[in-house]
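The values are calculated or read from the model by the stated rules, or taken from the named source; none is laboratory data. Just so it is clear, the model here is predicted, and its values are computed rather than measured. Cβ atoms come from the backbone with ideal geometry, glycine included; neighbour counts cover every protein chain shown.
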Amino acid sequence: MIQKPVITAAEAAAKVRDGDVLMVGGFMACGSPHTIIEALVERGARDMTLVCNDTATHDLKSGKVNGVGRMVQKRQFKKIIASHIGLNQETQRQMNAGETEVALVPQGTLAERVRAGGVGLGGVLTPTGLGTEVEEGKQVITVGDRRFLLELPLKGDVAVIKAKKADRAGNLVYAATAQNFNPLMAMAASTVIAEAEEIVEVGEIDPNAVHTASIFVDFLVKSERLEG
């Protein structure tokens, strides 16, 4: 089995270019690749489109910020596609000031759009958002006697995801709720970089425990933060 290159966080960040569509795994920074995120902040790539469940947290009064919120703080995104920005006051400020385009997508719809991008579907049909602002500008399709919105697939240039354990072939195991957007994004980007808390030899992971197969992973990064 081909072993995947183990690279530094800085080398991973260098693979993200200005203007890329960047997918970042995690849910309120839980299960996010924090080591790679810090390197991306240092790298300073700009004008990117972020696809993420949320933009983590940023309290303007206290100055506390975490996860991908660090990149929002540095104005690295021209557009954010997310389901929740309620705990990031800086994202809200940038959206209201017209500094950053923010597209809010219902959480289940966001997950399905990423999944559709990964498995090659032309889109998904969902009733979620009918009769609301979510419907604006979208095609409505009637199936039988029911109306659905056509939601288009989402794909990334680069996905940075977080695993609890990886083997050197790139097979990944996630911890608990880190199974949220990480497995979907692993299938939906041209280049996938997995940050793992532990990297073991091939054969040390029970095949039945693998959540993401090695074929989806291009590079591995050893995590400097022990979080699932």
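Considering only region 19-125, give the helices (runs of 4 or more DSSP H) lying wholly within it that have at least 2 residues that are at pLDDT 95 or above, under 28 Å from V140 (Cα atoms) and among the charged types (D, E, K, R). Even if it seems obvious, please write down each step before you answer.
Numbers: elements: 34-43, 69-73, 89-96, 107-119.
Because the criterion is at least 2 residues that are at pLDDT 95 or above, under 28 Å from V140 (Cα atoms) and among the charged types (D, E, K, R), the helices (runs of 4 or more DSSP H) in region 19-125 that meet it are 107-119.
Kindly indicate whether L50 is within 16 Å of the chain's Cα centre (by Cα) and of a type in the set (A, V, I, L, M).
Numbers: within 16 Å of the chain's Cα centre (by Cα): yes; of a type in the set (A, V, I, L, M): yes.
Yes, satisfied.
Under 6 Å between Cβ atoms, at least 6 apart or on separate chains: pull out the pairs that start in region 34-49 with a residue that is free of Cβ contacts under 8 Å to residues at least 12 places away in the same chain and end on any residue that is assigned to a helix (DSSP H, G or I) and not hydroxyl-bearing (S, T, Y).
From region 34-49, no pairs qualify.
For G25, all conditions in the list (1) of a type outside the set (V, I, T); (2) closer than 27 Å to G129 by Cα; (3) free of Cβ contacts under 8 Å to residues at least 60 places away in the same chain hold save one; what is the number of the exception?
Failed condition: (3).
Suppose we filter Q92, Q73, Q107 for residues that are free of Cβ contacts under 8 Å to residues at least 12 places away in the same chain and surrounded by 14 or more Cβ atoms within 10 Å (Cβ to Cβ); which single one remains?
Working: Q73 fails: free of Cβ contacts under 8 Å to residues at least 12 places away in the same chain; Q107 fails: free of Cβ contacts under 8 Å to residues at least 12 places away in the same chain.
Going through Q92, Q73, Q107 in turn, just one is free of Cβ contacts under 8 Å to residues at least 12 places away in the same chain and surrounded by 14 or more Cβ atoms within 10 Å (Cβ to Cβ): Q92.
Out of all the residues in region 150-178, which are in contact (Cβ under 8 Å) with a residue 40 or more places away in the chain and surrounded by fewer than 22 Cβ atoms within 10 Å (Cβ to Cβ)? Give the steps one after another, and end with the answer.
Applying the first criterion (in contact (Cβ under 8 Å) with a residue 40 or more places away in the chain) to region 150-178 yields 151, 153-172, 174-178.
Of everything in region 150-178, those that are in contact (Cβ under 8 Å) with a residue 40 or more places away in the chain and surrounded by fewer than 22 Cβ atoms within 10 Å (Cβ to Cβ) turn out to be P153, K155, D157, K164, K165, R168, A169, A175, A176, T177.
Using the structure shown, decide if A166 is within 23 Å of A82 (Cα to Cα) and among the aliphatic types (A, V, I, L, M).
Numbers: within 23 Å of A82 (Cα to Cα): no; among the aliphatic types (A, V, I, L, M): yes.
No.
Can you list residue pairs whose Cβ atoms sit under 8 Å apart, with the first residue in region 197-217 being over 15 Å from A159 (Cβ atoms) and the second being among the small types (G, A, S) and modelled with pLDDT under 95? Count only pairs 6 or more apart in sequence or on different chains.
Short answer, once both residue conditions are applied: E197/G228.
Suppose we filter region 179-226 for residues that are acidic (D, E) and surrounded by 16 or more Cβ atoms within 10 Å (Cβ to Cβ); how many remain?
Residues of region 179-226 acidic (D, E): 195, 197-198, 201, 204, 206, 218, 224.
From the residues that got through so far, the ones that are surrounded by 16 or more Cβ atoms within 10 Å (Cβ to Cβ) too are 195, 197, 218.
Residues meeting the conditions: 3.
Tell me the strands (runs of 3 or more DSSP E) entirely within region 128-228 that contain at least 3 residues that are under 16 Å from the mean Cα position of the chain (by Cα), on the phi < 0 side of the Ramachandran plot and not aromatic (F, W, Y).
Working: elements: 140-143, 146-151, 156-167, 189-200, 219-222.
Here the list reads 156-167, 189-200.
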